[in-house]
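Step one of this worksheet: look at the structure below.
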Amino acid sequence: MKKVVSWMLLAVFGFSLCYGALPVVTADAPEGDGAEVTFSDVPEDYWAYIYVTALEARDVLNGYEDGTFQPDGDVTRSEYAKFLTLGIEVPLVEVTEPTFSDIAADSWSFPYVEAVKDFFITNDDGEDTIFDGEAPASRIDVAVSLVRALGLENQDLGEIIDEELAAVFTDCESIPQDLLKLLMIARNNGLIEGYPDGTFAPAGTITRAETAAVITRGYVLKLANDMNNDVDDGINDDIDDGVDNGEGNEEV
């Protein structure tokens with residue numbers, strides 16, 4: 001029952017995304033429907049219940065031995081690398097030599113970090129490349145890596161200029177313009193938001209519950225984009241078939 005409910009929720013999210021309406025999740029969104037409560041500290045009326053449940057059903061995340069999920073706990077960069085790899089279905093790569101001096105080949109996070117290394121903001125001083133896997137993942141880390149993992153980094157921002165970009169959030173003056181643009185893309189696609197006071201807190205940490213929400217939104221956006229691409233390919237194939245058959249040549 002748990003897995004069926006989770007996939008139904010994902011389908012609803014996907015439908016909403018395709019038709020331009022991202023779901024607004026409130027504390028009373030899920031109604032009692034007989035679904036199994038997977039984690040003792042994530043009840044059905046918890047704001048992130050649907051996100052956590054959806055990812056647990058896909059084996060993207062798991063809880064602790066005591067049956068809890070600890071939704072308010074911070075996520076490290078290594079943990080987020082795993083969430084991102086599994087949640088967005090980034091292919092694992094065969095690597096024998098570690099890219100980062102602090103992520104050994106026998107580390108549990110090694111395959112995930114190597115799979116998403118190009119998406120993260122990393123520290124390279126020219127001699128030693130550090131991933132800093134035990135440090136908490138920051139909000140700017142999450143926004144930038146998710147946009148890159150989804151292949152959205154070249155998405156058109158329209159007429160927005162750099163000055164307008166810098167003014168979107170009141171506390172992002174120190175963020176380079178290229179990262180600010182990725183942050184805007186993340187916000188425009190409903191992946192992550194700022195706070196009511198106009199700040200984004202780029203260096204702020206992200207909780208396990210928030211991570212579940214962001215990753216689920218990213219995965220649903222990926223499904224929606226894949227579906228649109230399939231439709232476009234089908235239309236193009238039909239047009240090509242029509243041309244090959246001598247159809248569609250009349251003047252209009």
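Observations
- Loop-resident sites, the stretch 89-140, for GluC sites (Glu not before Pro), counting at most 10 other Cβ within 10 Å (DSSP): GLU94, GLU127
- Evaluated over the stretch 52-207, the Cα radius of gyration and Dmax, each in Å: 16.4, 51
- Relative contact order (percent, whole number), the stretch 72-244, Cα cutoff 8 Å, 6+ residue spacing: 27
- Using C-alpha pairs below 8 Å separated by at least 6 residues, the relative contact order for the stretch 130-192 is 45 percent.
Bear in mind these aren't lab numbers, they're just calculated from the coordinates by the rules spelled out. Computed from a prediction, not measured in an experiment: that's the story for all the values here. FYI the Cβ positions are ideal-geometry reconstructions off the backbone, even for glycines, and counts take in every protein chain you see.
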